[in-house]
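Please read the structure below before turning to the comments.
The values are calculated or read from the model by the stated rules, or taken from the named source; none is laboratory data. Just so you know, these numbers come straight off a predicted model, no measurement behind them. Positions of Cβ are generated from backbone atoms using ideal geometry, with glycine treated the same way; all protein chains shown enter the neighbour counts. The area values use the complete protein model at the heavy-atom level, side chains included, leaving out ligands, DNA and RNA. Shrake-Rupley method; radii C 1.70, N 1.55, O 1.52, S 1.80 Å.
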Amino acid sequence: MLNPNQNRIGVLTDTEVLLVDVVQGKRVLRSNLLPLDADKLSGLLEYLWQLGLSEVWIMPATTLSQTARCAWFEETNGSWVAVVHPNPSEPDRPLCALFLPKGNGQREVRRLTFVFPEHAGWGWVLPDARSLLATVTYLDQTLARPVIDSSDLVAHQLLTDLTLDQPTSWLRSSPIDLHTLHSRDGATLSMMESVRDLVWMRPLTLVEQRQRYLHKYNHISPYLEACTAVLLGAGAPEFSSTGRAYDGIHPGIWRVHAEQAGSIFDGKKLPHFLDGEWISTPQVKCCADIGYHVYVREGYYWSQSHELLKRWGTTLWQAAERLHSQGYQHEHGRANASHTIKLLGRLGVAILAKEKNDGGWARPDWWEQIVGRSRAILFTHFASFARKGVMPALVDRDALWVVSDDPNPLTAASGLLAAHRWRGYFVGYKVPLPLSHEVKAIFRRTDSPEQVARALDTLAGVVS
């Protein structure tokens, strides 16, 4: 949990500062009681500066977290230069405050930042100060970028920063209104309605009912996996009245007729693939790959395309891979950091589809390709797992449940947690649920898959 010296992190409670120090070459968790003058900002700043900290995260529910206002940070007796980032939804409340000491005589590289995660919208589970320290330390080490503002602001900044290497002309809004595209018969295309969240379940088979354990696995983010290689259109789309322009490569939106033709993705063994008649290029290709017979009737496509989000998607994907494969042991810290990376991916993709006056990039066609490719990736995974005998009984968005006689979640589902190449999956239940009468009864109920997933998580003691 040790940070690089240039970014030393601490957590501030009502009575102490928690940080990681090095004593005789060993990492030691150290608690420092606050001095008597810490109730004044100048005294607190001086003390934290002497500790060598560069980031101080304020523990939620503490007095400072709940009472601090932007004006309070002006009370520094002129010894510090303060830059306060207010909360957009509560302008008098700070998200973070940056401090530089005055009168150093030379340029001071180090700064001291107060961060207030309670109001930043991250949704972290923080039972104690150690959990917060582990969370922000893990993010510092894996993401290597500050997350000191609100989740929305960080998502915007990250998406902007990691696409600066792309030509501006490729990132512009479409030259035509994509919401006015029409089919051959004059019907308006419903952009962003061709993919719904994947939620599905089936009854347990007789063989599964004789087995002993139920395992849960989560995927970090199919959106991020999709963005590492998705092609996105530039310029205006072209219309193909017969669908013959479809080549499985160029991004597009296509009206198709698909037949299951004996595919195992029949809604009984595994979920149906299609949600509607108009689908993206990655979805059309996946339909054929998983055994459907697909007939492309017409569509719009972009003859110019680029991997515009490769750097953004790869940065977040590799951060998640480091987090889940390099021995980060603190359970709440790892879960919070994983949730943060996933959230940044979801918010980033949502920004693409929003209109410019709502802070977005006005590219619903990019959203369509990304979400379509993320669905295709999940079904490609399912097909690969099925070839190894792994068939999920329940799917709730990015999570799946598998029945097995193997109690070890690392080996129970062959292929999910392959050691040679991370596929985005990690264990959802550290200890699997015994396949008890109660669990079997939950699968027999007529509840929705979401309700079944919540019931199972409750039994496993997992916060969903």
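Restricting attention to region 413-427, the residues being open to solvent by 20 Å² or more (accessible area, probe 1.4 Å), of a type outside the set (S, T, N, Q) and assigned to a loop (DSSP other than H, G, I, E, B) number 7. Any chance region 69-85 includes a residue that's in contact with a His (Cβ under 7 Å, 6 or more places away or on another chain), open to solvent by 10 Å² or more (accessible area, probe 1.4 Å) and in a loop (DSSP other than H, G, I, E, B)? No, region 69-85 has no match at all. Taking region 149-181 on its own, how many of its residues are in contact with a Pro (Cβ under 9 Å, 6 or more places away or on another chain) and closer than 17 Å to His339 by Cα? Final tally of qualifying residues: 4. Annotation: Glu438 fulfils all but one of (1) open to solvent by 50 Å² or more (accessible area, probe 1.4 Å); (2) in contact with a Gly (Cβ under 7 Å, 6 or more places away or on another chain); the unmet one is (2). When each of Asp185, Asp197 is tested for being open to solvent by 20 Å² or more (accessible area, probe 1.4 Å), of a type in the set (Asp, Glu) and within 24 Å of the chain's Cα centre (by Cα), the lone residue that passes is Asp197. The set of residues in region 453-464 being within 22 Å of the chain's Cα centre (by Cα), open to solvent by less than 40 Å² (accessible area, probe 1.4 Å) and among the aliphatic types (A, V, I, L, M) consists of Ala453 alone.
If you filter region 306-329 down to residues that are hydroxyl-bearing (Ser, Thr, Tyr) and either in a loop (DSSP other than H, G, I, E, B) or at pLDDT 95 or above (or both), you find that the one that is farthest from Gln283 (Cα to Cα) is Tyr328.
Of the residues screened, Glu450 is not one that is open to solvent by 50 Å² or more (accessible area, probe 1.4 Å), more than 20 Å from the chain's Cα centre (by Cα), acidic (Asp, Glu) and modelled with pLDDT of 90 or more.
All of Glu355, Glu368 fail the test of being open to solvent by less than 20 Å² (accessible area, probe 1.4 Å), acidic (Asp, Glu) and either farther than 21 Å from Pro146 by Cβ or at pLDDT below 95 (or both), apart from Glu368.
Just one residue in the set His339, His332 is assigned to a helix (DSSP H, G or I), buried (at least 17 other Cβ atoms within 10 Å of the Cβ) and touching a residue at least 24 places away in the same chain (Cβ under 8 Å); that residue is His332. Would you confirm, using the coordinates I've provided, whether Ser305 is touching a residue at least 60 places away in the same chain (Cβ under 8 Å), more than 12 Å from the chain's Cα centre (by Cα) and open to solvent by less than 20 Å² (accessible area, probe 1.4 Å)? Spelling it out, it is not the case that Ser305 is touching a residue at least 60 places away in the same chain (Cβ under 8 Å), more than 12 Å from the chain's Cα centre (by Cα) and open to solvent by less than 20 Å² (accessible area, probe 1.4 Å).
Look at Arg334 and say whether it is under 24 Å from Val136 (Cα atoms) and basic (Lys, Arg). Here the answer is yes, as Arg334 does meet what is asked. For region 239-279, taking the residues that are under 12 Å from Ile290 (Cβ atoms) and aromatic (Phe, Trp, Tyr), the one that is nearest to the chain's Cα centre (by Cα) is identified as Phe273. Considering Leu51, Leu45, the condition of being at pLDDT below 95, touching a Leu at 6+ places or on another chain (Cβ under 9 Å) and crowded, with 19+ Cβ neighbours inside 10 Å is satisfied by Leu45 alone.
Being without any contact (Cβ under 8 Å) to a residue 24 or more places away in the chain and either surrounded by fewer than 18 Cβ atoms within 10 Å (Cβ to Cβ) or polar (S, T, N, Q) (or both): is that true of Val207 here? Considered against the rule, which asks whether it is without any contact (Cβ under 8 Å) to a residue 24 or more places away in the chain and either surrounded by fewer than 18 Cβ atoms within 10 Å (Cβ to Cβ) or polar (S, T, N, Q) (or both), Val207 comes out as yes.
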